[in-house]
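Notes to accompany the following structure.
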Amino acid sequence: MTKIKKQDDLVNANKELVFQNAEKEKRAAELVIANKELLFQNGEKEKRAAELIIANKELLFQNEEKEKRAAELIIANEELLFQNKEKEKRAAEFVIAGKELVFQKKEKGKRAAELVIADKELVFQTGEKEKRAAELVIANYARGLIEASLDP
């Protein structure tokens, strides 16, 4: 593998890491928003539960409103079921996001290890180049001496 190819691979690996980090940050921002939404929904759920308690007390005192209030309770219960299902979906998303973050962290670690190895290889290659350059300087000097001794 050529040095340019390895450098290109490193550049591509760095770009991939940058992309993965950006995706991870987007996902983290989405999770923050989802968490706020869950908190809001829980508050709404508690408000709705309080409304249900009041509605049940009214039912005891107002027989003529009984059917209307019962219909409201059915709707409210359906809303609570829907909200609970949404809450479960969000919880499942958190689990998936957690697994995704663990995977991305492992990948990031692998990429970092690859970069360390590539960096060591570049340092080694640079040292080898410097040795070859020194050898060429000596060889050119020796050739010059030989040529000078052969010239009449």
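The values are calculated or read from the model by the stated rules, or taken from the named source; none is laboratory data. Model, not experiment: these values are computed from the prediction. As a convention, Cβ positions derive from the backbone with ideal geometry for all residues, glycine included, and neighbour counts pool all protein chains shown. For the accessible areas, the whole protein counts, side chains as well, though only heavy atoms, and no ligand, DNA or RNA atoms are used. Shrake-Rupley method; radii C 1.70, N 1.55, O 1.52, S 1.80 Å.
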Stretch Lys99-Ala55 to full length: gain in nm at 0.36 nm per residue minus the Cα-Cα span? 11.5 nm
Helix 66-150 versus the longest principal axis of the chain: what angle, 0 to 90°, nearest 10, using Cα atoms? 0 degrees
On the accessible surface of the chain, probed at 1.4 Å, how many percent belong to carbon and sulfur atoms? 63 percent
Over the chain, what is the relative contact order in percent, taking alpha-carbon pairs closer than 8 angstrom and at least six residues apart? 37 percent
Out-of-range pairs (alpha-carbon distance over 29 Å; input Lys6/Lys131; Lys47/Lys85; Lys66/Lys89; Lys85/Lys110; Lys5/Lys105): Lys66/Lys89; Lys85/Lys110
When Lys and Arg each count +1 and Asp and Glu each count -1, what net charge do the other residues less than 12 Å away from Lys106, Cβ to Cβ, add up to? +3
Please report the spacing between the Cα centers of the range 35-86 and the range 96-131 in Å, no decimals. 55 Å
Hey, what number do you get for the chain at 222 nm if only DSSP H runs of n ≥ 4 count, each worth -39500 (n - 2.57), divided across all residues, to the nearest 500? -36000 deg cm²/dmol
If ligands, DNA and RNA are left out, what is the accessible area of Asp9 with a 1.4 Å probe, given in Å² to the nearest 10? 60 Å²
Expected output is a single nm value to one decimal: the length gained when fully extending between Thr126 and Ala112, i.e. 0.36 nm times separation in residues minus the C-alpha distance. What is it? 3.0 nm
